[in-house]
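Peer 1: Mind having a look at this structure? Questions to follow.
The values are calculated or read from the model by the stated rules, or taken from the named source; none is laboratory data. This structure is a prediction, so every number in the text was calculated from the model and none was measured. Here the Cβ is made from the backbone with ideal geometry for all residues, glycine too, and neighbour counts use every protein chain on show.
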Amino acid sequence: MDDEKRMVDTYEVKHAIHVGDKEILFAVDDAKPDYPYMVCNCTWDNPLGIDHYFSAAASADYVEMMTEFTDRVTAQLEAVKTERDKISIPLEPFTLEHCIPNDYGERIENKVVVIRAERLRPEYRTADKQLVLATGGFGTHANSRGRAVYTVNLYSGKESRWNREDILGTVKPEHMPDWAKERLKQIQAEQQAKHKKREPER
C-alpha cells in the first residue's frame, strides 16, 4: 500500500528536510504551468501541533526553486550552529550508564530525568536538551496508565510535554553536573514563588 501523499494546498511535497525549529519543503503541482514548483517553511509550534506553512515562494524555474530550497536548509543549519556555539556547557549526551533506568513502578515527579537521545532530533541530541525536571502529569505516577510527563528543561527553562517511554531514566546523583544543580535550585525557587502567589489569602 502506497504511503499517503503529503500535500500543501494543491502541491505535492517531494522533498522535506527538518533542521532546527523549521522544516523546509519542496513541492510540485504540474497543473500550474506558470509556477509548478514551490518552496515553503513549516513549523508545529502551536498548542494543537497543527502544521503551519509560511514564507512560500513559487516559480516555473526548477533550478531557481531548488536553489531556494537548499539555501533555506543551509540557513537553518547555520542557525543551529550559532545556537550550539552559544551553549556554555559540555554537550556530550547522557546515556544509560548515567541513569537509574526508567522504572514504571516508581514515581518520577519532581525528579531530574533524562530524555532518550533517540527521541530528539539528530541535531539536538545533546546534554542541554536531555536533562529535565519532571513536574507533573499522569505519566509521572507509579504504575499509571497515563503517559504524559510535563517537564522543565534545566538548561533553557522551556516547558514541554513528553511521554513516559521517552524517558531513559532518573539521572544518578554522581552524574548530575554542577550547572544542572544550580539551575534546578533556581527552577524550584521559581516554582515555589508561583505556588505562593496562587495560594488564597487568609
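Yes/no per residue for (1) β-branched (Val, Ile, Thr); (2) under 24 Å from residue 182 (Cα atoms):
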residue: 73; (1), (2): yes, no
residue: 78; (1), (2): no, no
residue: 86; (1), (2): no, yes
residue: 94; (1), (2): no, yes
residue: 100; (1), (2): yes, yes
residue: 105; (1), (2): no, no
residue: 113; (1), (2): yes, yes
residue: 128; (1), (2): no, yes
residue: 134; (1), (2): no, yes
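Peer 1: Out of all the residues in segment 64-82, is one or more surrounded by fewer than 16 Cβ atoms within 10 Å (Cβ to Cβ), among the aromatic types (Phe, Trp, Tyr), outside any strand (DSSP E or B) and not assigned by TED's automatic domain parsing to the domain that holds residue 159?
Peer 2: no
Peer 1: Could you grab me the full set of residues in segment 169-198 that are basic (Lys, Arg) and over 24 Å from the mean Cα position of the chain (by Cα)?
Peer 2: Scanning segment 169-198 gives 194, 196, 197, 198.
Peer 1: Give all pairs with beta carbons closer than 9 Å in which a residue from segment 62-78 that is under 10 Å from residue 26 (Cα atoms) meets a residue that is modelled with pLDDT under 95 and outside any helix (DSSP H, G or I); count only pairs at least 6 apart in sequence or on separate chains.
Peer 2: So the pair list comes out empty.
Peer 1: List the number of the failed condition for residue 50; all other conditions in (1) at negative phi; (2) surrounded by 12 or more Cβ atoms within 10 Å (Cβ to Cβ) hold.
Peer 2: Going through the list (1) at negative phi; (2) surrounded by 12 or more Cβ atoms within 10 Å (Cβ to Cβ), residue 50 breaks only (2).
Peer 1: Additional query: Taking residue 24, is it surrounded by fewer than 16 Cβ atoms within 10 Å (Cβ to Cβ), over 27 Å from residue 154 (Cα atoms), in contact with a helix residue (DSSP H, G or I) (Cβ under 7 Å, 6 or more places away or on another chain) and free of Cβ contacts under 8 Å to residues at least 60 places away in the same chain? Full working, then the answer.
Peer 2: Details: surrounded by fewer than 16 Cβ atoms within 10 Å (Cβ to Cβ): no; over 27 Å from residue 154 (Cα atoms): yes; in contact with a helix residue (DSSP H, G or I) (Cβ under 7 Å, 6 or more places away or on another chain): yes; free of Cβ contacts under 8 Å to residues at least 60 places away in the same chain: yes.
Spelling it out, it is not the case that residue 24 is surrounded by fewer than 16 Cβ atoms within 10 Å (Cβ to Cβ), over 27 Å from residue 154 (Cα atoms), in contact with a helix residue (DSSP H, G or I) (Cβ under 7 Å, 6 or more places away or on another chain) and free of Cβ contacts under 8 Å to residues at least 60 places away in the same chain.
Peer 1: Okay, next question. For residues that are small (Gly, Ala, Ser), within 20 Å of residue 108 (Cα to Cα) and at pLDDT below 95, tally how many sit in segment 168-202. Reasoning before the result, please.
Peer 2: Of segment 168-202, the ones small (Gly, Ala, Ser) are 169, 180, 189, 193.
So of that shortlist, the ones also within 20 Å of residue 108 (Cα to Cα) come out as 169, 180, 189.
Filter again for at pLDDT below 95, leaving 189.
Residues flagged as small (Gly, Ala, Ser), within 20 Å of residue 108 (Cα to Cα) and at pLDDT below 95 within segment 168-202 amount to 1.
Peer 1: Continuing with the same structure: What single numbered condition from (1) closer than 30 Å to residue 162 by Cβ; (2) without any contact (Cβ under 8 Å) to a residue 12 or more places away in the chain; (3) surrounded by 13 or more Cβ atoms within 10 Å (Cβ to Cβ) fails to hold for residue 4?
Peer 2: With respect to (1) closer than 30 Å to residue 162 by Cβ; (2) without any contact (Cβ under 8 Å) to a residue 12 or more places away in the chain; (3) surrounded by 13 or more Cβ atoms within 10 Å (Cβ to Cβ), residue 4 is out only on (3).
Listed here are the residues, each with its yes/no results for (1) of a type in the set (A, V, I, L, M); (2) within 25 Å of residue 17 (Cα to Cα); (3) in contact with a His (Cβ under 6 Å, 6 or more places away or on another chain).
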{"position": "97", "(1), (2), (3)": "no, no, no"}
{"position": "114", "(1), (2), (3)": "yes, no, no"}
{"position": "118", "(1), (2), (3)": "no, yes, no"}
{"position": "124", "(1), (2), (3)": "no, yes, no"}
{"position": "139", "(1), (2), (3)": "no, no, no"}
{"position": "143", "(1), (2), (3)": "no, no, no"}
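Peer 1: Right, another one. Could you check, for segment 171-186, whether at least one of its residues is assigned by TED's automatic domain parsing to the domain that holds residue 104, among the small types (Gly, Ala, Ser) and surrounded by fewer than 14 Cβ atoms within 10 Å (Cβ to Cβ)?
Peer 2: Going residue by residue through segment 171-186, those that are assigned by TED's automatic domain parsing to the domain that holds residue 104 are 171-186.
In the following step, the residues that additionally are among the small types (Gly, Ala, Ser) were identified as 180.
With surrounded by fewer than 14 Cβ atoms within 10 Å (Cβ to Cβ) added as a condition, the list becomes none.
Within segment 171-186, none of the residues are assigned by TED's automatic domain parsing to the domain that holds residue 104, among the small types (Gly, Ala, Ser) and surrounded by fewer than 14 Cβ atoms within 10 Å (Cβ to Cβ).
Peer 1: Now for a different question. Being closer than 22 Å to residue 86 by Cα, out of contact with any Asp or Glu (no Cβ under 8 Å at 6 or more places or on another chain) and among the aliphatic types (A, V, I, L, M) narrows it down to one residue among 117, 189; which is it? Talk me through it step by step, then tell me what you get.
Peer 2: Details: 189 fails: closer than 22 Å to residue 86 by Cα.
After applying the criteria, what remains is 117.
Peer 1: Please specify each residue of segment 83-126 satisfying the condition of being buried (at least 16 other Cβ atoms within 10 Å of the Cβ), within 20 Å of residue 142 (Cα to Cα) and either among the polar types (S, T, N, Q) or modelled with pLDDT under 95 (or both).
Peer 2: 102
Peer 1: Please verify whether segment 88-107 includes one or more residues that are closer than 23 Å to residue 40 by Cβ, touching a strand residue (DSSP E or B) at 6+ places or on another chain (Cβ under 9 Å) and assigned by TED's automatic domain parsing to the domain that holds residue 170.
Peer 2: So the first thing to find is which residues in segment 88-107 are closer than 23 Å to residue 40 by Cβ, and the list is none.
Checked against the condition, which is being closer than 23 Å to residue 40 by Cβ, touching a strand residue (DSSP E or B) at 6+ places or on another chain (Cβ under 9 Å) and assigned by TED's automatic domain parsing to the domain that holds residue 170, segment 88-107 yields no hits at all.
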